[in-house]
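Notes for the one structure printed next.
The values are calculated or read from the model by the stated rules, or taken from the named source; none is laboratory data. Everything numeric in this text was worked out from a predicted model, so none of it was measured. Reconstructed Cβ throughout: ideal geometry from the backbone, glycine too, with neighbour counts over all protein chains shown. Heads up: the accessible areas ignore ligands, DNA and RNA and are worked out on the full protein's heavy atoms, side chains in. Shrake-Rupley method; radii C 1.70, N 1.55, O 1.52, S 1.80 Å.
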Amino acid sequence: MEVTLTNINQYFTRIAPCLTRPNCLQSFFPGVLLLFFFNQPAFAAVIGKVVQPFASYAFTADDNILRIRDKMDPVPLLNTNNLFDMSHRFTGGLLFEKEISRQRLTANLNWAHTSFEKFNQMDNNLKNLNGNWNWFLGNRLEGNMGASYVQSLAPFLFQPGIKNIRTEQRAFINAIWRFHPSWNLHGDYTRYDLSTDSPIERLKFLNRIEDRFEGGIDYVTSDRNTVGILFRDKIGDFPARVLAPDGSSFTDNGYDQKEVMARINWVVSAKSRLLWTGGWVERKNASFSQRDFSGFNARMTYAWEPTSKVGLTINAWRETAAMQQLTASFSLNTGVSVEPSWNITQKVTLEGNFSYETREFSRFAVLTDPLPLGRNNTIRNAAVKLTYTPYLGLQLSASVYNNHLKSDVSLGGFSANGANINLQYTYGKR
């Protein structure tokens, strides 16, 4: 089909009367998109190469899908003692990838709807948009710049049975300057904005803005291993103020956390690699000195591939962090995870994920935190997933899992078992 200026003029002449009617206007733009996507030979070549549409369906069955605690009475909240439910998630989206000279642009736009068969009051939509520009300037300077927007249902781990729709926005820019064959300078700035759309007033304290600054220097060996030092400064601001335990004043949950870390990225052998980051962390809080922290944080990842079909990744950590962005309080988290994988055939993969973690709030004065947090929490997770890829772009996976929380909070912990089946197709996947 040849497109000329005469064709375009004739087309718009015919549709002009329709554009004056609102009901036609609503259907005009989807029609234009369809015309653009499927009737243009030049753009048709782009679908599957630059733009990759994808869709997926996930089915989950869980005997405690809302993570109700052992000592909670679910009847007033859910009108039932039976916590088993099944959920369905339908997802559709677009992947974008384009290289212009040395510049590389990527983006992911997707929307998902999750429905619950029994607890349909938890039905929700997920919106996710993120983009990244991997930029290059000369032969020694490069970096990334991008942003993301995610609107989703907050996990039930520390909000059992509560529907809390949160919006997370992130913008970042980073750069690395290879000013010498053996030395790199790098810097990073990230702004994170979290807001909650929950009608529950006591959850408004979760809203926050965090600015993170990072800079460092790395020494690069002849084998491309790196050893370096980095400096971080995280400044957190919580617009909502929380009433103090004595009711006399409102407290500020803001904080300033400074870190000095050593970082090692080392190829131990032809089949293994070690990544280690560790150092000193000092955290000052605006209202409560009881929440201040000064101590050692570290995270290690060891990846080993003894054969071309078998892999093993081990992670270990000791660090201060928020509960999945669910709380103003920070905990001291210590844990380990093991992730084995086995490529049974070219089309079948078996993976596992087993983790154990303790999260302690004892140093962080959680009395002003409205969420049901215990001072001592132990979390165990175990999951096994089998993935089958009959051909490129189509993937079917099935998994079983167990999640367990032990907590000294008055509501207690929980234990949940479930299974998941997921089918995804990506057009043009390479």
Handout entry: Distance violations [Cα-Cα > 32 Å] among 234/309; 118/385; 118/429; 271/406; 71/127
Key = 234/309; 118/429; 271/406; 71/127
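For the stretch 171-221, what class follows from the C-alpha gyration tensor (a ≥ b ≥ c being the square roots of its eigenvalues): rounded when a/c is under 1.5, otherwise prolate if a/b is larger than b/c, else oblate?
Details: a/c = 6.10, a/b = 4.71, b/c = 1.29.
Prolate shape, in that a/c is at least 1.5 and a/b is the bigger ratio.
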Exercise for the section: Tally up the carbon and sulfur contribution to the accessible surface of the stretch 71-224 as a whole percent, 1.4 Å probe, everything protein left in place. Expected result: 57
Handout entry: 3J(HN,Hα) from dihedral phi, the stretch 153-161, Karplus parametrisation 6.51/-1.76/1.60, rounded to Hz, x for glycine, proline
Key = 7, 5, x, 8, 3, 10, 9, x, x
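If the chain between residue 46 and residue 321 were fully stretched, how many nm would it gain, using 0.36 nm times the residue separation less the Cα-Cα distance?
On the way: separation 275, 0.36 × 275 = 99.00 nm, distance 4.23 nm.
Stretched fully, the residue 46-residue 321 segment lengthens by 94.8 nm.
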Handout entry: Spin-label model distance (nm) - residue 179 vs residue 211, 7 Å beyond Cα toward Cβ
Key = 2.4
Handout entry: Paired Rg and Dmax values of the stretch 92-171, which use every Cα atom, in angstrom
Key = 17.6, 58
Problem - Residue-span extension gain [residue 117 to residue 81] - 0.36 nm each, minus C-alpha spacing - result: 11.4 nm
Fill in the blank from the handout: Carbon/sulfur accessible area of the stretch 373-430, % of total, 1.4 Å probe, equals 59
Fill in the blank from the handout: Once amide hydrogens are built 1.01 Å from N within the peptide plane, the residues lying 5 or more places from residue 320 or on another chain with amide H under 5 Å from its amide H are 333
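Stretched out fully, how many nm does the piece from residue 271 to residue 97 gain, at 0.36 nm a residue minus the Cα gap? Before the final figure, lay out the partial values.
Values: separation 174, 0.36 × 174 = 62.64 nm, distance 3.03 nm.
Contour length minus the Cα-Cα distance gives 59.6 nm.
Return the FRET efficiency for the residue pair residue 344, residue 225: r is the Cβ-Cβ distance, R0 is 30 Å, and the value is rounded to the nearest 0.05. Can you show the working numbers first?
Details: r = 32 Å, r/R0 = 1.08.
The formula returns an efficiency of 0.40 here.
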Practice task
Return the whole-Å distance between the Cα centroid of the stretch 71-107 and the Cα centroid of the stretch 256-277.
Solution key: 31
Problem - For the stretch 136-286, accessible area per residue (1.4 Å probe, heavy atoms of protein chains only), Å² - result: 51
